[in-house]
Amino acid sequence: MSEKKDIRSLTYDKLKDAVAALGEKKFRADQIFDWLHVKKADSFDRMTNLPLGLRGRLASEYDIYEVRAVQVLKSSDGTRKYIHRLYDGNVIETVLLKYDYGNSVCISSQVGCRMGCRFCASTVDGLVRDLTAGEMAAQVYSVEADIGERVGHVVVMGSGEPLDNYDNFTDFIELITDNRGAGIGARNITASTCGLVPKIRELADRRYQITLALSLHATSDEKRKEIMPVANKYALSDIISACRYYFETTGRRITLEYSLISGFNDGPEDAGELSRIAKSLGAHVNLIPINPIEERKYRATSRNDAVLLKNKLEKNDINVTIRREMGRDIQASCGQLRRKYMESM
Ligand code: SAH
């Protein structure tokens with residue numbers, strides 16, 4: 001357990017201030033940042049170019065929160081699913097996806113989630129706690145250590161709602177894109193949100209070059225409310241104007257995620273409305289056949305019907321992809337892995 005702060009969570013600027021507050025010279029901040037984010041040190045003892053006294057003072061104020069891979073499932077297509085254990089015993093999932101353009105890691109932003117989407121396993125037990133920025137970065141570092149290769153892309157689409165953990169999430173973006181550390185290009189990062197309007201606007205104002213993905217899943221407020229409680233708080237019209245603001249402010253096209261639920265949101269009218277929304281935003285559409293979860297009764301749209309829907313959207317000049325299903329043989333859809341692991345303890 002730790003009541004001390006996670007030093008790995010400090011952005012370079014915050015680390016500089018923290019080092020100054022200890023009465024140390026600025027170059028110590030560079031050394032510590034390098035130990036944490038390049039050499040991936042997991043203890044202050046390893047920071048051998050720091051004087052012993054400084055190491056002691058750091059250790060009395062800070063910890064380096066542990067993110068330990070306790071289980072790794074490997075798929076024949078290269079996908080790996082990690083159960084990461086945190087310092088307080090909580091566990092989260094991280095997924096490695098191998099693409100022709102390189103390694104992509106899907107990270108979690110919270111332990112559990114309080115958004116309550118009916119089709120999602122991560123939210124079944126509610127929110128347990130926010131992850132620190134360092135715990136988000138350490139998921140990437142853990143995967144890199146496991147595979148011995150660099151990770152060039154990150155998606156924030158694991159458990160949690162990143163914009164519900166806004167300050168830690170934005171610190172994570174600053175950390176992971178920092179060229180003194182991992183230096184992952186902002187354009188290679190995608191964050192997904194269920195649509196927290198004020199935070200979408202705040203994020204836009206930061207002008208990061210990351211891609212914002214909106215979990216749309218239904219094209220009317222009425223329908224959206226049936227599967228996403230957050231729709232009671234924010235109307236689609238407001239979400240769409242916030243997304244337009246994001247696009248206009250950052251120049252980055254929005255991705256609309258649309259999970260296909262058989263007989264619910266995959267009809268011809270849905271295709272029409274989805275086209276209209278996508279066109280109005282100049283957005284890319286990502287169709288995701290829903291992964292059925294044990295706790296809920298939803299059936300995925302068939303591959304055939306998904307392709308029909310895709311064709312309809314393409315006729316309307318919408319840029320659309322059907323998400324490739326990866327790691328099927330290791331049988332663990334979004335969120336399921338963590339719950340299974342918890343039950344086995
Ligand atoms: N909270 C964020 C990010 C986490 S979920 C968000 O809501 O966007 C990442 C994506 O997976 C979201 O689009 C989410 O709606 C989708 N998702 C969750 N459970 C799913 C399931 N069982 N099948 C298919 N997609 C799912």
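The charge dipole of the stretch 1-47, taken about its Cα centre with unit charges on the Cβ of Lys, Arg, Asp and Glu (plus for the first two, minus for the last two), comes to roughly 80 debye.
Plugging the Kirkwood radius over Cα pairs into Stokes-Einstein for the chain, at a temperature of 37 °C and a viscosity of 0.692 mPa s, what D comes out in µm²/s?
Taking Rh from Cα pairs, D becomes 156 µm²/s.
Relative to the first principal axis of the alpha-carbon coordinates of the chain, what is the inclination of helix 12-21, with its axis defined by its Cα atoms, in degrees from 0 to 90 and to the nearest 10? The two axes meet at around 30 degrees. When shorter helices are ignored and each DSSP H run of at least 4 residues is given -39500 (n - 2.57), the per-residue value for the chain at 222 nm works out to -11000 deg cm²/dmol. Remark: spin-label model distance Ile147-Asp30 equals 3.2 nm, labels positioned 7 Å along the Cα→Cβ axis.
How big is the equivalent ellipsoid of the stretch 5-63 along its three axes, where each semi-axis is √(5λ) from the Cα gyration tensor, reported in whole Å from largest to smallest?
Over the Cα atoms of the stretch 5-63, the semi-axes work out to 14, 13, 11 Å.
Rounded to the nearest 10 degrees, the inclination of helix 268-281 to the longest alpha-carbon principal axis of the chain is 50 degrees. The stretch 268-283 and the stretch 99-175 have Cα centres lying 29 Å from one another. Remark: relative contact order (the chain) = 15 percent; criterion is Cα-Cα distance under 8 angstrom and separation of 6 or more residues.
Cross-link partners for Lys81 among the aspartates and glutamates, with Cα-Cα distance under 17 Å and sequence neighbours closer than 8 places in the same chain left out: Glu93, Glu135, Glu144, Asp146, Glu149, Glu325, Asp329.
With a threshold of 27 Å on the Cα-Cα distance, the over-threshold entries among Lys199/Lys312; Lys5/Lys225; Lys98/Lys297; Lys4/Lys25 are Lys199/Lys312; Lys5/Lys225; Lys98/Lys297. Scalar couplings 3J(HN,Hα) for the stretch 51-65, obtained by applying the Karplus form with A = 6.51, B = -1.76, C = 1.60 to θ = phi - 60°, are x, 3, x, 5, 4, x, 5, 4, 5, 7, 9, 10, 10, 10, 4 Hz; x denotes Gly and Pro.
With respect to the chain, whose longest principal axis is taken over its alpha-carbon atoms, helix 197-206 is tilted by about 50°.
No value in this document is a laboratory result; all are computed from the given coordinates. Bear in mind that the values here come from a model prediction, so they are computed numbers and not experimental data. Cβ: placed from backbone, ideal geometry, glycine included. Neighbour counts: every protein chain shown.
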